[in-house]
Amino acid sequence: MSKLPAQLEIILVMLAGWMNRRQQAVIAYLRAENEILKAQLKGRPKLNHDERRRLAVLGKALGRKVLGEVATIVTPDTILHWHRRLIARKWTFRRRPGRPGVMREIRQWVVRMAKADPLWGYTSIRDRLNNLGHRVSRSTVVNILKQAGIEPAPKRSRSTPWSKFLKAHWSGLAAMDFTTVEVWTSRGLVTYYVLFVMELATRKVACAGITPHPDTSWLKQIGRQLTDSFSGFLRGKKFVLMDRAGYFSEAFRNLLKQAGVRPVRVPASSPNCNAHIERFIGSFKREVNDRLIFFGEEHLRHTTREYLAYYHQERNHQGIDSRIIEPGKEVGIGDGQIRHRERLGGMLNHFYREAA
């Protein structure tokens with residue numbers, strides 16, 4: 001093999017020296033930068049396991065002497081100590097004392113079964129797990145349910161969760177609630193009470209009545225209209241959710257019971273137990289009530305009618321997969337012309353495509 005020419009050897013030596021000086025300059029800059037950043041930090045830097053592992057692997061390749069020159073965050077001895085622990089962890093197998101824990105899947109199924117049927121006891125859940133191919137003891141089921149804070153079957157069956165009650169009676173459930181609106185009249189600013197009633201399964205809403213005096217006689221008349229056997233909004237309903245406000249008097253509740261509709265009073269200060277009607281009233285206030293000044297009762301009634309038409313025929317509802325409750329007949333798809341409908345002077349807007 002021929003030797004390199006002398007001039008080429010000189011060039012290579014010069015190039016190697018230049019690269020070495022450049023690397024030393026880069027290292028010096030990075031070391032100074034790290035020292036400045038470290039000085040600005042309060043206390044020792046906190047490194048996670050992955051960061052310590054990376055420094056240990058790279059630091060071991062450099063050796064103690066080079067580490068002493070470039071390491072600024074921690075000492076060379078610390079980096080080498082991390083590397084020794086990394087090797088020890090690779091070859092050390094530590095067993096946990098005691099019985100192995102129950103598989104996460106079994107825990108999930110035990111809790112799910114207990115919540116699905118309040119009549120299933122420990123033995124019933126154990127047997128049904130066996131049907132799924134999971135063989136566990138009855139005591140295991142007991143321990144899992146105790147850790148999850150779930151009571152035994154007899155106590156569980158006496159207290160039906162609110163969510164299960166709603167799901168079991170969904171098609172026969174309605175809800176009602178009042179909202180207040182301030183109206184300017186000839187007598188000054190008067191508070192009007194608006195009673196809304198909702199069919200939970202479809203999200204349909206009706207305005208049952210508007211009055212400045214929601215006394216018992218007025219509510220009883222509203223109750224007779226709502227439970228009318230031919231056109232009442234509560235026709236066919238089994239339960240109606242309501243809060244514990246004094247407006248829903250005992251006489252009003254008895255009238256509903258006589259018509260076959262059982263009033264269910266939600267716990268005090270628990271709006272989430274009647275969340276659907278509460279959400280509607282929130283939308284009514286946000287989209288209409290807070291944006292208008294009402295002059296007279298007729299203005300309030302007209303606004304309420306317009307909003308309910310918009311709510312049923314033009315507004316998408318996330319609770320029913322973003323569908324429109326009662327889409328208009330003019331709505332089409334394809335190449336029909338796009339139209340814009342305004343309600344309440346452009347406060348409520350609807351864009352739709354004409355049917356071809």
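The values are calculated or read from the model by the stated rules, or taken from the named source; none is laboratory data. Since the model is a prediction, treat every value here as computed from it, not as a measurement. Please note: Cβ atoms are built from the backbone with ideal geometry, for glycine as well, and neighbour counts cover all protein chains shown.
Quick look at the numbers
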quantity	calculated
Every residue from region 304-330 that is modelled with pLDDT under 80 and touching a helix residue (DSSP H, G or I) at 6+ places or on another chain (Cβ under 9 Å)	GLY328
Residue check for ARG301: within 27 Å of ASP177 (Cβ to Cβ), in a helix (DSSP H, G or I) and at pLDDT 95 or above	yes
Looking only at region 289-298, and only at residues there that are part of a helix (DSSP H, G or I) and touching a residue at least 24 places away in the same chain (Cβ under 8 Å), the one that is surrounded by the fewest Cβ atoms within 10 Å (Cβ to Cβ)	ARG291
Verdict on THR227 being within 34 Å of the chain's Cα centre (by Cα), polar (S, T, N, Q) and assigned by TED's automatic domain parsing to the domain that holds TYR307	no
Looking only at region 188-202, and only at residues there that are surrounded by 18 or more Cβ atoms within 10 Å (Cβ to Cβ) and either without any contact (Cβ under 8 Å) to a residue 12 or more places away in the chain or not acidic (Asp, Glu) (or both), the one that is farthest from GLY172 (Cα to Cα)	TYR192
Restricting region 109-143 to residues that are part of a helix (DSSP H, G or I) and among the charged types (D, E, K, R), the residue that is surrounded by the fewest Cβ atoms within 10 Å (Cβ to Cβ)	ARG112
Elements of type strands (runs of 3 or more DSSP E) contained in region 195-270, each with 2 or more residues being touching an Asp or Glu at 6+ places or on another chain (Cβ under 9 Å) and closer than 27 Å to HIS312 by Cα	204-211, 239-242
Of all residues making up region 299-331, the number that are closer than 16 Å to VAL197 by Cα, more than 26 Å from the chain's Cα centre (by Cα) and surrounded by 13 or more Cβ atoms within 10 Å (Cβ to Cβ)	5
Residue that is surrounded by the most Cβ atoms within 10 Å (Cβ to Cβ) [pool: residues in region 159-187 that are modelled with pLDDT under 75 and not in a helix (DSSP H, G or I)]	HIS169
Pairs with Cβ under 9 Å, 6+ apart, first in region 105-131 and under 10 Å from LEU145 (Cα atoms) and modelled with pLDDT of 85 or more, second buried (at least 16 other Cβ atoms within 10 Å of the Cβ) and of a type in the set (S, T, N, Q)	VAL110/THR140
Residue tally, condition crowded, with 21+ Cβ neighbours inside 10 Å and charged (D, E, K, R), over region 229-244	2
Residue match in region 225-235 (condition: among the charged types (D, E, K, R), out of contact with any helix residue (DSSP H, G or I) (no Cβ under 8 Å at 6 or more places or on another chain) and closer than 26 Å to GLU182 by Cα)	no
Of all residues in region 339-356 being aliphatic (A, V, I, L, M) and surrounded by 12 or more Cβ atoms within 10 Å (Cβ to Cβ), the one that is farthest from the chain's Cα centre (by Cα)	ALA355
Selected residue (only one of ARG262, ARG286 is over 28 Å from TYR310 (Cβ atoms) and surrounded by fewer than 16 Cβ atoms within 10 Å (Cβ to Cβ))	ARG262
